[in-house]
1. Fully extended, how many nm does the chain gain between Ile36 and Thr84 (0.36 nm per residue separation, minus their Cα-Cα distance)?
2. When the chain is fully extended, how far beyond the present Cα-Cα distance does Val116 get from Val53, taking 0.36 nm per residue of separation?
3. Could you list, bin by bin from short to long, the percent of Cα-Cα pairs of the stretch 60-197 in 10 Å steps?
4. What order do you get for 165-174, 183-192 when each peptide is scored by the mean count of other beta carbon atoms within 10 Å, highest first?
5. Filter the GluC sites (Glu not before Pro) in the stretch 116-147 down to the DSSP loop ones having no more than 12 other Cβ atoms within 10 Å, then list what survives.
6. For labels at Lys129 and Asn158 in the simple 7 Å Cα→Cβ model, what's the distance in nm?
7. Zone of Glu74 (label point 7 Å along Cα→Cβ, backbone N under 14 Å): which residues in the stretch 90-117?
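Values in this text are rule-based calculations from the coordinates and carry no lab data. A quick note: this is a predicted structure, and the numbers were derived from the prediction, not measured. We place every Cβ from the backbone using ideal geometry, glycine too, and count neighbours over all the protein chains shown.
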Amino acid sequence: MAKKKTASKRMVQRKKTISKRKIKSKAKVTVAKNKIFWKIERIIIILAAVVLVSFLSFAVLAIMEYINMNEYVEADVIKIIDTTVVLGNNCTAIIAQTSPERAASIQLGLDKKINVRPNTHDIFTDVLKNFNITLESVTMDRFEEDIYYATLHLKRGNEKLKLDSKPSDAVAIALRMESPVYIKKDLLKKHGQSICK
């Protein structure tokens with residue numbers, strides 16, 4: 001009988017030990033799960049912060065670009081007269097001389113034609129198109145020391161690039177890419193001439 005009681009006590013003791021181990025094991029699993037959830041929660045918070053910062057950066061850049069573009073007016077007059085480029089808005093235009101080759105290239109762009117062999121502007125346009133680069137716009141920005149300055153605003157995916165250019169080259173490329181040409185309002189006001197009679 002004493003052996004049965006001892007065996008019974010051992011069984012009870014063993015069950016208690018197993019039960020305690022199970023509880024400890026469950027506690028360890030719960031702690032491990034909590035650590036994993038805490039890490040996941042931290043990663044989600046960090047990712048949300050990165051997305052928010054990226055969005056805010058994009059929004060600030062978009063607002064800055066919008067403000068900057070308010071300083072410009074779209075050219076709705078683009079003409080070539082011999083080697084003279086007429087670039088303007090409504091009745092005011094900047095009138096400047098260019099080389100015969102550039103004047104001919106701008107005229108080809110206006111006429112949407114390509115010569116028998118492509119010229120430099122045609123090749124540049126093909127390179128942009130083949131590499132999925134868009135010409136968002138051309139801006140005519142300033143006049144210094146008797147020279148006009150323009151900028152090509154290029155974009156591929158999220159990447160943007162601004163390239164300095166001669167206005168005549170920029171206009172010739174913009175016509176081929178069917179991109180808008182903008183003139184800085186102050187520049188047009190200061191150097192523009194009346195073209196309406």
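1. Working: separation 48, 0.36 × 48 = 17.28 nm, distance 7.10 nm.
The span from Ile36 to Thr84 would gain 10.2 nm if fully extended.
2. On the way: separation 63, 0.36 × 63 = 22.68 nm, distance 5.10 nm.
Taking 0.36 nm per residue and subtracting the Cα distance, the gain is 17.6 nm.
3. Once binned at 10 Å, the Cα pair distances of the stretch 60-197 give 12, 43, 34, 11, 1.
4. Working: 165-174: 23.8, 183-192: 17.4.
Result, highest mean first: 165-174, 183-192.
5. Numbers: sites: Glu136, Glu144, Glu145; in loops: Glu145.
Counting only loop positions with at most 12 other Cβ atoms within 10 Å, the GluC sites (Glu not before Pro) in the stretch 116-147 are Glu145.
6. For the pair Lys129/Asn158, the computed spacing is 2.9 nm.
7. Only 90 fall inside the zone, counting backbone N under 14 Å.
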